[in-house]
Amino acid sequence: MNTQQPATKEEMNRIELVIGKILRVGVVISATIMIIGLLLLLITGKSGYAHDAFPTTFKAIFSGIATLKPYAIMMLGIFCLILTPVLRVIVSIYSFYKEKDMLYVWITTFVLVVLIISFFFG
């Protein structure tokens with residue numbers, strides 16, 4: 001016997017506000033990180049990598065950040081920008097669960113799994 005009630009309109013409005021805030025904050029954080037990398041590139045005049053090279057793996061990005069390589073910092077900004085809609089998908093799963101809409105919970109969970117797999121194999 002299920003005793004939980006579907007989410008109220010007030011709860012759904014709060015969830016929608018959280019989703020909006022996640023998207024805004026994610027874009028601001030991404031842009032800030034990219035600007036820091038760009039400023040570092042302009043100040044040093046060097047990307048931190050050989051000509052036409054840039055970090056493409058998480059390991060390369062994080063080791064480049066540790067040594068303040070501008071391209072690595074900018075790649076972190078791009079990664080954060082890509083991660084922003086993924087966080088939105090996670091919050092959407094919660095939102096659909098609160099609404100008791102299990103079909104969309106499963107569909108959105110499938111989308112999340114596909115996104116995660118694409119990060120590792122894409």
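The values are calculated or read from the model by the stated rules, or taken from the named source; none is laboratory data. Please read all numbers here as calculations on a predicted model, not as lab measurements. Here the Cβ is made from the backbone with ideal geometry for all residues, glycine too, and neighbour counts use every protein chain on show. Areas reflect the complete protein model, heavy atoms only, side chains present, ligands, DNA and RNA absent. Shrake-Rupley method; radii C 1.70, N 1.55, O 1.52, S 1.80 Å.
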*Would you mind calculating the relative contact order of the chain from Cα pairs under 8 angstrom and at least 6 residues apart, reporting the percent as a whole number?*
30
*So what is the accessible area of the chain per residue, in Å², with the probe set to 1.4 Å?*
71
*Of all accessible surface on the chain at a 1.4 Å probe, what whole percent is carbon and sulfur?*
73
*Taking the stretch 44-93 as the region of interest, what is the percent of Cα-Cα pairs per 5 angstrom bin, listed from the shortest bin to the one with the maximum distance?*
5, 21, 24, 18, 12, 9, 6, 3, 1
*Which of the trypsin sites (Lys or Arg not before Pro) found in the stretch 1-80 are in a DSSP loop and have at most 11 neighbouring Cβ atoms, other than their own, within 10 Å?*
46
*Between the stretch 14-48 and the stretch 59-122, how many Å separate their Cα centres?*
15
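Assigning unit charges at the beta carbon (Lys, Arg +1; Asp, Glu -1) and nothing else, what dipole magnitude in debye, to the nearest 20, does the chain show about its Cα centre? Show your work: numbers first, answer last.
Values: 10 positive and 6 negative charges, 47 e Å.
Using only the charged Cβ atoms, the result is roughly 220 debye.
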*Apply the Karplus parameterisation 6.51 cos²θ - 1.76 cosθ + 1.60, with θ equal to phi minus 60°, to every residue of the stretch 58-63 and state each ³J(HN,Hα) to the nearest whole Hz, in sequence, with x for glycine and proline.*
4, 4, 5, 5, 6, 6
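Can I get the semi-axes of the chain's equivalent ellipsoid? Compute them from the C-alpha gyration tensor as square roots of 5 times the eigenvalues, in angstrom, largest first.
On the way: eigenvalues 294, 55, 13 Å².
Each semi-axis is √(5λ); the values are 38, 17, 8 Å.
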*Considering only 105, 26, 67, whose Cα is most displaced toward the positive end of the charge dipole of the chain, charges sitting on Cβ of Lys, Arg (+1) and Asp, Glu (-1)?*
67
*What lysines could a cross-link reach from residue 46, if we take a straight Cα to Cα line under 24 Å and drop same-chain neighbours fewer than 8 places away?*
59, 69
